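Here's the structure, in structure tokens; my notes come after.
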Amino acid sequence: MRPWGKRWWLLIALAMGCGGLVVEVSSDPASTPASSGGTQALLLGAAAEPIPPPTCRVGEHPCPDASADDCLEPVRVQSDDGAAAHTVYRWRDRDQWTDGGVLPLPHFLLSYVRSLRDEYGSAARGNERERTCRTQLEAQLEYLRDAAVERQGALVWENEDGLAQAMEQAEYAHLWASVAVTLLRHGEPEAARRHVHTALRFAAALDRSVGLHSGGVRSETTSCGDVAPARTCAWFHSRGLGIRTEGDEPRTVLNQHLHAVRDMLNLHRTLARAPELLPADEREAILRRILDRAAAGLAQLAFSDGWQPGAPRPPNAAQLMERFEEPAGTFYWATYEFDLESGRPRNISLQRTCHYHRHSLELLSHVQRWLADPPPRVDEDARRALRYPLERLLEGAGEPVGAPGSRHAFHQFFLSDTDPVLRRARGCRQPPLATDSPAYQSLAPRLQPARVRRAR
């Protein structure tokens, strides 16, 4: 959607009616400096009128005042001819606004954009609600798209250091595809195909080598070791937009790598159910390439040699295990990320590390559930490429919690997460995986519950 000409005007104001700013933003991402996240801003003027709420759906966490943080900040987008104006959102997080707040922090807008998609999808065909929600959805997507830059055919958001991030790339590839399917259901096939094209450009970052302004998030292709020499292993580098990456060093975060794997599977399922949105002569190749990415990410954890002294490659799953010896017992915990320079695990705050320990289990369980109920158009070779590393990652049945020298990362993570004594010993306030959750139900038959003997 580009009905508004070559430039947009943003009128940024506070939700409580405080004065705002007028900012000029280029809509041609290829022409803008990547260091500004694809957005070239110029302060032009003084206070604007208070911004009206969005016409279709108001976000669940709008900023209540000028001092609020971690909230949805309204942004007014208007064509340069003044013919159309809409309220969209960006995420306000001053701790991550090292670029002065130019980048909209897309990850934190996912829930809101999904709600817009669903509002549009549930509207009756041909009524005013459908038109209103379609317009607002397109405006929000275009605002996000115009903050991206084009690199080697990939459409990417870059942090202040010039690095794209795998988590945002993968999740928005899937989101854009899901919007396309919604448009198709509402009788908009041409618009749907345009959105699929954008989705595939976001996903293309997972095929490009990571580097400054490279448009890539993928590690250099690495050997899967002697166990699986014919497999391709790849790490999808990510730490989240808005976080400084200490110069040109890509970050290596376990849960965000698994996010990229999961969202490639989500993208495949969405497109496999609407194959008419893909070019007929490229359909099978596109769908297979999506699955190849997910398989390479799993193989990296399961089979790769991982980090070695003098060869600072991304880790395998066993190198992301951190062992604790406490009076309550000995156990392993998932480290948040891996430092490629030192070859050591690195964590963030305790409670966030606790959260992402469990979240990594949830993400892996999604792969298992996808394989248990694959979408159409998945041949046996593609299933095997996913199943083989997943089976390796789920090994360890019978091994006691905290076993010395264990290399069964996810088995050990499951045991420590589901044992309330060990969670307390780690200092985690969050509850463990609920026994009635899809993640627990899918993992428990393979990764025994915590009622097993503990290692001495």
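The values are calculated or read from the model by the stated rules, or taken from the named source; none is laboratory data. Model, not experiment: these values are computed from the prediction. Please note: Cβ atoms are built from the backbone with ideal geometry, for glycine as well, and neighbour counts cover all protein chains shown. The area values use the complete protein model at the heavy-atom level, side chains included, leaving out ligands, DNA and RNA. Shrake-Rupley method; radii C 1.70, N 1.55, O 1.52, S 1.80 Å.
Points worth noting:
- Helices (runs of 4 or more DSSP H) lying entirely in segment 349-428 (those with 3 or more residues that are over 15 Å from Trp333 (Cα atoms) and touching a residue at least 40 places away in the same chain (Cβ under 8 Å)): 350-372, 380-393
- In the condition set (1) among the basic types (Lys, Arg); (2) surrounded by 19 or more Cβ atoms within 10 Å (Cβ to Cβ); (3) out of contact with any helix residue (DSSP H, G or I) (no Cβ under 7 Å at 6 or more places or on another chain), Arg134 is compliant with all but (3).
- Selection within segment 42-65 - open to solvent by less than 20 Å² (accessible area, probe 1.4 Å) and either in contact with a strand residue (DSSP E or B) (Cβ under 7 Å, 6 or more places away or on another chain) or modelled with pLDDT under 85 (or both): Pro54, Gly59, Cys63
- Among residues of segment 395-411 being surrounded by 21 or more Cβ atoms within 10 Å (Cβ to Cβ) and not small (Gly, Ala, Ser), the one that is farthest from Met321 (Cα to Cα) is Val401.
- Residue match in segment 66-75 (condition: at pLDDT 75 or above, of a type in the set (S, T, N, Q) and touching a strand residue (DSSP E or B) at 6+ places or on another chain (Cβ under 9 Å)): no
- The condition (being within 16 Å of Gln368 (Cα to Cα) and open to solvent by 10 Å² or more (accessible area, probe 1.4 Å)) is satisfied by just one residue among Arg269, Arg288: Arg269.
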